[in-house]
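Asker: Below you will find the structure I want to go over with you.
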Amino acid sequence: MISRLILLALLILAPTFALASDHHRSILMITWRGMTPAEHSFIRHLETLGIDAEIEHFDAGRDQTRLAGFLRDRLDDIKSMDLIYLFGTTVTLTVQNFHIDNVPRVFNIVTDPVGVGLASSLERPPQGMTGTKHSLSPDVNLELLFRVYPVKTIAVLFDPRENNAVAEADRLSSAAEKRGISVKRLRFAPDAKEKEIQIAALRPELDDVDAIYVTSSSSFVAHSEALPQIIPEDLVSMGSSSAYVGDGITLVFGSEYEERGQTAAEMAAKILLENVPAHTLPIDEISASEATLYINGNNKAASKLKLDNTQNAVVYK
């Protein structure tokens, strides 16, 4: 009798156990510069969505050679994962080169997936992949900047070693020239040995510009202390990433890393729970009207902004 009761209980509970098992997934998380609020938000929101995931984390430490070595050594294991989460442009491009097409990939905090060749358009991601676009397009950023601070000349600071930064600088330059705005392109490698020499050479270049646009670069985030050494306190500076707010940058239009992590988790849930092919999900981009205007309240140049001309939500940090 006891055996029959146990068997009956197991049969009754079997669907419940199966459901829980169905929701258990293996996810590989590859980051470029350690865990950011985007990854913490991604993990938390997966749990909220009911996904029981075993997450393996590998951090490249801003070393592309190290990342490629990991991918080569673990390729068979990686191909058995249920999903791969990718942070940033360099990580996403590197993984793409290994043709892991059988595993769905969700990238996050990629500035310009079309500009760097990841996708032909936001509506058409590559096979097996989708993700979130972190920053607004440079032309949209320029339009939003013009509303609160019209400029006639602008400098564009970028790290020439980062594909996303170069693509962003190119698009910003093109958009500015169409508006009749003079552009001065400034290269900066903050982790190079001659950093101090670079800073000394860059400072005079900003004497005759109205504003400076700082492209999205992992090297700039990792060495954010260098930005105030270059940019005068009274010069309006615009960043393309919310990570720059608080590092001497005057303003940023965009969204928080936490929000992008949540959006990436919702994409992952559709892939894992609803079996939606990753490439059928358009790359997510916040619209100009949805963007928040983040302002560094301690920046002297913030007083120059004409905030009455913006319709975006304003947050001081």
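Asker: Take the residues in the range 283-309 that are open to solvent by 70 Å² or more (accessible area, probe 1.4 Å) and in contact (Cβ under 8 Å) with a residue 12 or more places away in the chain, then tell me which one is farthest from residue 139 (Cα to Cα).
Answerer: Result: 300.
Asker: I need the full set of residues from the range 160-219 which are of a type in the set (Gly, Ala, Ser), modelled with pLDDT of 95 or more and open to solvent by 20 Å² or more (accessible area, probe 1.4 Å), in order please.
Answerer: Once the filter is applied, which keeps residues that are of a type in the set (Gly, Ala, Ser), modelled with pLDDT of 95 or more and open to solvent by 20 Å² or more (accessible area, probe 1.4 Å), the range 160-219 yields 174, 180, 182, 200, 201.
Asker: For the range 232-317, which fully contained strands (runs of 3 or more DSSP E) count at least 1 residues that are in contact with a Phe, Trp or Tyr (Cβ under 7 Å, 6 or more places away or on another chain) and under 20 Å from residue 212 (Cα atoms)?
Answerer: Here the list reads 236-239, 251-254, 292-295.
Asker: What are the residues in the range 97-128 that are under 20 Å from residue 76 (Cβ atoms) and within 18 Å of the chain's Cα centre (by Cα), if any?
Answerer: 105 - this is the single residue of the range 97-128 that is under 20 Å from residue 76 (Cβ atoms) and within 18 Å of the chain's Cα centre (by Cα).
Rundown of residues vs (1) at pLDDT 95 or above; (2) out of contact with any Lys or Arg (no Cβ under 6 Å at 6 or more places or on another chain); (3) of a type in the set (Asp, Glu), yes/no style:
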site: 19; (1), (2), (3): no, yes, no
site: 33; (1), (2), (3): no, no, no
site: 57; (1), (2), (3): yes, yes, no
site: 65; (1), (2), (3): yes, yes, no
site: 82; (1), (2), (3): yes, no, yes
site: 89; (1), (2), (3): no, yes, no
site: 95; (1), (2), (3): yes, yes, no
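Asker: Quick one: in the range 71-99, which of the residues that are of a type outside the set (A, V, I, L, M) and touching a residue at least 40 places away in the same chain (Cβ under 8 Å) is farthest from residue 112 (Cα to Cα)? Break it down into steps so the answer makes sense when it comes.
Answerer: The initial filter retains those residues of the range 71-99 that are of a type outside the set (A, V, I, L, M), namely 72-74, 76-77, 79-80, 82, 85, 87-90, 92, 94, 96-99.
Cutting the leftovers down to touching a residue at least 40 places away in the same chain (Cβ under 8 Å) gives us 80, 82, 85, 87-90.
Working: 80: 29, 82: 26, 85: 17, 87: 13, 88: 10, 89: 8, 90: 12 Å.
So the residue we want is 80.
Asker: Would you call residue 100 within 30 Å of residue 178 (Cα to Cα), buried (at least 19 other Cβ atoms within 10 Å of the Cβ), touching a strand residue (DSSP E or B) at 6+ places or on another chain (Cβ under 8 Å) and of a type in the set (A, V, I, L, M)?
Answerer: No: the conditions fail for residue 100.
Asker: Kindly indicate whether any position in the range 144-158 is at pLDDT below 95 and of a type in the set (Ser, Thr, Tyr).
Answerer: There is no residue in the range 144-158 that is at pLDDT below 95 and of a type in the set (Ser, Thr, Tyr).
Asker: I'd like to verify a number: residues in the range 125-139 that are open to solvent by 40 Å² or more (accessible area, probe 1.4 Å) and either at pLDDT 95 or above or under 26 Å from residue 212 (Cα atoms) (or both), how many? Spell out how you get there, then give the answer.
Answerer: Taking the range 125-139 and keeping what is open to solvent by 40 Å² or more (accessible area, probe 1.4 Å), we get 127, 139.
Then drop every residue that is not either at pLDDT 95 or above or under 26 Å from residue 212 (Cα atoms) (or both), which leaves 139.
Looking only at that region, the number is 1.
Asker: Another one. Of everything in the range 21-43 that's over 21 Å from residue 110 (Cβ atoms) and touching a residue at least 24 places away in the same chain (Cβ under 8 Å), which residue is most open to solvent (accessible area, probe 1.4 Å)?
Answerer: Within the range 21-43, the first condition is being over 21 Å from residue 110 (Cβ atoms), and the residues that meet it are 21-26.
Among the residues that remain, those that are also touching a residue at least 24 places away in the same chain (Cβ under 8 Å) are: 23-26.
Working: 23: 54, 24: 83, 25: 44, 26: 31 Å².
Residue satisfying both the conditions and the ranking: 24.
Asker: Continuing with this model, one more query. Got a sec? Which of 236, 314 is within 24 Å of residue 137 (Cα to Cα), under 24 Å from the mean Cα position of the chain (by Cα) and surrounded by fewer than 23 Cβ atoms within 10 Å (Cβ to Cβ)?
Answerer: Every option except 314 fails the conditions.
The values are calculated or read from the model by the stated rules, or taken from the named source; none is laboratory data. Quick caveat, the model's predicted, so the values are computed rather than measured. With ideal geometry, Cβ positions are generated from the backbone for all residues, glycine too; neighbour counts draw on all protein chains shown. Keep in mind that these areas ignore ligands, DNA and RNA; they rest on the heavy atoms of the full protein, side chains included. Shrake-Rupley method; radii C 1.70, N 1.55, O 1.52, S 1.80 Å.
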